[in-house]
Amino acid sequence: MRLFQNSGLYPSYLARLNQLAANASRFEARRDLFLHDRFGAPHILKPVLDGSPDAFFTNGDDEVLQRQWARAQGIPGHPALEAILLAQIENHGTEVFYNLDPVRYPSTFIARLPGSVKRTLCWRAAPSGNADLTAYGAVLGNFPSILESWRSKGCRAELFFPAIDPVMAEYGHGERPIDVLFVGGYSRHHRARGRTLEQVANLAASHRIVFCLDASRLTRLAESAIGRLLPLQTHRRPDAIANIARPPVFGRDLYELIGSSKIVLNGAIDMAGSDRGNMRCFEAMGCGALLLSDAGRYPEGMEAGVTMEIYDTPEQAAKVTAQCLRDWPRPAAIAARGRSRLDETYNKASQWAHFVNLAAQIKPC
């Protein structure tokens with residue numbers, strides 16, 4: 001199978017990538033540095049991570065990366081990123097196109113794919129407004145309610161899961177000096193999450209609590225010297241959170257931080273109803289921390305009191321956190337069980353086998 005996997009970058013990750021790849025002048029060097037850093041690795045398929053000659057990977061929105069490829073191919077002028085991506089697919093002789101960034105490249109893009117492409121799949125586990133993905137052979141995701149919304153729009157939608165990154169096995173085998181870690185976004189769209197973070201942050205007087213927050217531009221403005229003169233109070237983080245907040249972390253730095261933490265706090269945002277199982281769950285459990293997350297419907301292997309712990313309210317999140325830290329040997333055993341269970345259920349080999357099976361079921365283009 002000639003597989004082409006396209007992904008995209010978080011704007012806040014781009015600065016890290018540019019630093020890692022400061023001396024990388026070739027497409028292959030910059031791409032390989034990205035893959036080595038493991039950003040988004042639970043979504044990257046096994047042949048890409050294994051370096052299979054039949055698999056091609058790129059970040060189609062990384063302008064530096066894409067223009068490096070275009071220059072190496074002798075493509076003149078300043079072509080659009082979409083044109084470069086199409087040229088890469090044609091050059092590769094792609095048979096199966098798997099896109100992690102379908103809102104940027106929707107049905108209109110699929111209509112322009114070269115004739116070698118026989119099957120198209122995309123991952124989308126979030127509401128996407130009026131995005132048209134009906135031209136894809138299948139939309140994949142791990143939230144049943146969102147998959148159903150895609151079906152209502154005329155898409156074929158199939159259940160698919162992130163997988164434990166094999167590199168996670170290198171982390172989390174020593175001391176865990178951080179008591180509680182949270183890594184994620186913070187904006188006005190995270191109000192329920194914000195209340196939970198505030199309750200847990202109040203434990204910082206007696207425990208080591210680390211919050212690495214990717215704050216929105218409006219939140220950063222609201223907390224600036226100028227912003228404090230403006231009516232932006234609702235966008236400022238509570239003092240308990242702001243006092244311990246650090247910048248966001250990604251890639252191997254994230255794995256290292258999770259591997260140094262006893263508990264990883266997680267909280268869904270209001271986008272998938274009661275469905276749960278965002279990528280942080282896989283990262284936390286894969287690196288051996290105790291996942292403490294909000295109540296809801298979790299995938300197989302994520303079971304409260306057996307492989308993870310849950311909370312119902314912000315106040316209960318703080319209470320469960322304190323209880324776990326007081327009686328750490330028991331939660332530590334739950335974390336170890338969770339790590340083993342997920343590695344058995346959601347490993348890269350099984351993810352790839354599932355993908356191959358799904359691709360085979362899709363009607364050829």
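The values are calculated or read from the model by the stated rules, or taken from the named source; none is laboratory data. From a predicted model like this one, the values you see are computed outputs, not experimental measurements. All Cβ positions, even for glycine, are placed from backbone atoms using ideal geometry, and neighbour counts span all protein chains on display.
Structure summary
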item	result
Residue list for segment 48-62, filter: surrounded by 13 or more Cβ atoms within 10 Å (Cβ to Cβ) and either touching a residue at least 60 places away in the same chain (Cβ under 8 Å) or over 22 Å from the mean Cα position of the chain (by Cα) (or both)	LEU49, SER52, ASP54
Segment 1-19: number of residues that are exposed (fewer than 15 other Cβ atoms within 10 Å of the Cβ), hydrophobic (A, V, I, L, M, F, W, C) and touching a residue at least 12 places away in the same chain (Cβ under 8 Å)	0
Helices (runs of 4 or more DSSP H) completely within segment 2-91 that count 2 or more residues being small (Gly, Ala, Ser) and either touching a helix residue (DSSP H, G or I) at 6+ places or on another chain (Cβ under 9 Å) or closer than 24 Å to TRP123 by Cβ (or both)	63-72
Candidate set from segment 63-118 (those that are touching a residue at least 40 places away in the same chain (Cβ under 8 Å) and touching a Leu at 6+ places or on another chain (Cβ under 6 Å)); member that is surrounded by the most Cβ atoms within 10 Å (Cβ to Cβ)	TYR98
Residue in segment 175-183 that is exposed (fewer than 15 other Cβ atoms within 10 Å of the Cβ) and either of a type in the set (A, V, I, L, M) or farther than 29 Å from ALA295 by Cα (or both) present	no
Per-region count, segment 168-195, residues more than 19 Å from the chain's Cα centre (by Cα) and either outside any strand (DSSP E or B) or outside the structural domain of ASP239 (by TED's automatic domain parsing) (or both)	12
Any hit, segment 3-20, residues being under 23 Å from MET279 (Cα atoms), under 14 Å from the mean Cα position of the chain (by Cα) and of a type in the set (A, V, I, L, M)	yes
Residue under evaluation ARG330, criteria (1) more than 20 Å from the chain's Cα centre (by Cα); (2) touching a residue at least 24 places away in the same chain (Cβ under 8 Å), criterion not met	(2)
Residue check for GLY273: free of Cβ contacts under 8 Å to residues at least 60 places away in the same chain, surrounded by fewer than 22 Cβ atoms within 10 Å (Cβ to Cβ) and more than 22 Å from GLY174 (Cβ to Cβ)	no
Residues (modelled with pLDDT under 90 and under 14 Å from ASP294 (Cβ atoms)) located in segment 230-283	GLY267, ALA268, ILE269, ASP270, MET271, ALA272, GLY273, SER274
